[in-house]
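Take a look at the structure set out below.
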Ligand SMILES: Nc1nc2c(ncn2[C@@H]2O[C@H](COP(=O)(O)OP(=O)(O)OP(=O)(O)O)[C@@H](O)[C@H]2O)c(=O)[nH]1
Ligand SMILES: [Mg+2]
């Protein structure tokens with residue numbers, strides 16, 4: 001496996017002018033020259049790639065475990081004694097890689113429920129298979145789409161049923177309308193805050209399409225009898241398998257600055273070539289011959305088909321890589337589940 005390193009100096013001008021997700025990569029000092037100097041953002045990791053390299057040579061070691069995640073883990077441990085149940089939100093496209101083993105260990109003693117979120121972007125058959133698989137493992141799992149709200153209404157009745165004895169015991173102790181406290185946990189960008197907003201039918205929690213938005217534990221009263229604790233997304237210090245890191249990166253759980261986007265896009269193309277979704281092939285006007293190309297050449301082809309060129313007519317593979325990842329994350333390449341039970 002090849003390690004990434006800062007080996008290639010690139011023209012970054014087109015990157016700075018792009019909006020959307022890559023807007024986060026802009027140097028803030030360029031926009032706000034009169035303001036106090038701002039520390040420059042770390043340069044993205046860059047590594048060599050070549051058309052002749054095999055895909056295994058295009059892998060990179062992906063890891064993202066900043067200090068605030070250690071702090072969050074300690075905070076979760078401390079706040080556990082305050083809650084009646086834990087709801088873990090996982091990504092329906094990657095139900096294995098999006099389950100944090102550290103959080104599962106920490107919260108093992110609490111009644112727990114799993115929400116398979118972002119179902120609108122996952123393969124519906126695979127989601128149904130995951131729900132039955134988890135049920136066979138005695139895990140209460142509800143498929144949800146917090147963007148439209150589909151499935152979210154099932155949460156309160158299922159949890160109320162799970163916590164029936166606890167609610168009865170509070171009532172027996174004289175509490176009139178006991179409020180159940182639920183801790184919402186999960187990896188970054190999986191939709192924890194969006195879920196809280198959905199269930200409370202108000203925009204209370206700060207949510208956005210990038211990992212690391214929520215920065216501290218925060219309580220919300222979401223409906224009669226329920227309070228929820230929003231927590232920042234946490235990963236774990238070392239992925240046993242680089243596929244886990246890649247899947248987390250493809251789906252947007254890892255900060256883009258710590259990865260080489262072109263290498264990541266090449267690995268995603270390895271998968272997309274196998275999956276043959278019509279959306280992928282039509283979107284980039286790819287022929288059968290194109291799909292037989294090594295992934296770096298396919299990325300060049302996508303850049304050309306989309307008119308993404310740099311001076312001298314060279315394919316702008318970096319821009320194509322950002323586009324490919326953005327479009328995959330928005331399910332424009334099809335409803336794809338990368339992990340099957
Ligand atoms: N398509 C789709 N997008 C969703 C869904 N749930 C959340 N999102 C989007 O995912 C992005 C991240 O949502 P957040 O609620 O901020 O995620 P989070 O888990 O709180 O993230 P951190 O606070 O960074 O850990 C936002 O752009 C949401 O609109 C869903 O079910 N489907
Ligand atoms: Mg959040």
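Values in this text are rule-based calculations from the coordinates and carry no lab data. Predicted model, so just to flag it, every value in this text is computed and none were measured. All Cβ positions, glycine included, derive from the backbone under ideal geometry; neighbour counts span all protein chains shown.
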> For the stretch 241-285 and the stretch 219-235, what is the separation of their C-alpha centers, rounded to whole Å?
Replying inline: 31
> Could the peptides 236-242, 293-299, 177-183 be put in order, highest first, of the mean number of other beta-carbon atoms found within 10 Å of their residues?
Replying inline: 293-299, 177-183, 236-242
> For the stretch 67-230, what D do you get in µm² per second when you plug the Kirkwood radius from alpha-carbon pairs into Stokes-Einstein at 10 °C and 1.306 mPa s?
Replying inline: 98
> From the square roots a ≥ b ≥ c of the eigenvalues of the alpha-carbon gyration tensor of the stretch 143-258, which class results: rounded (a/c under 1.5), prolate (a/b over b/c), or oblate?
Replying inline: prolate
> Given a cut-off of under 8 Å on Cα pairs at least six residues apart, what relative contact order in percent is computed for the stretch 267-330?
Replying inline: 24
>> Report the gain in length on full extension from residue 285 to residue 210: 0.36 nm times residue separation, minus Cα-Cα distance, nm rounded to one decimal.
In response: 24.1 nm
> By what distance, in whole Å, do the Cα atoms of the stretch 246-341 stretch along each of the three principal axes, largest value first?
Replying inline: 45, 32, 21
> What order do you get for 230, 120 when you list them from fewest to most C-beta neighbours inside 10 Å?
Replying inline: 120, 230
> Can you put 119, 146 in order, fewest other beta carbons within 10 Å first?
Replying inline: 146, 119
> If we sort 275-284, 192-201 on the protection proxy, mean other Cβ atoms within 10 Å, highest first, what's the order?
Replying inline: 192-201, 275-284
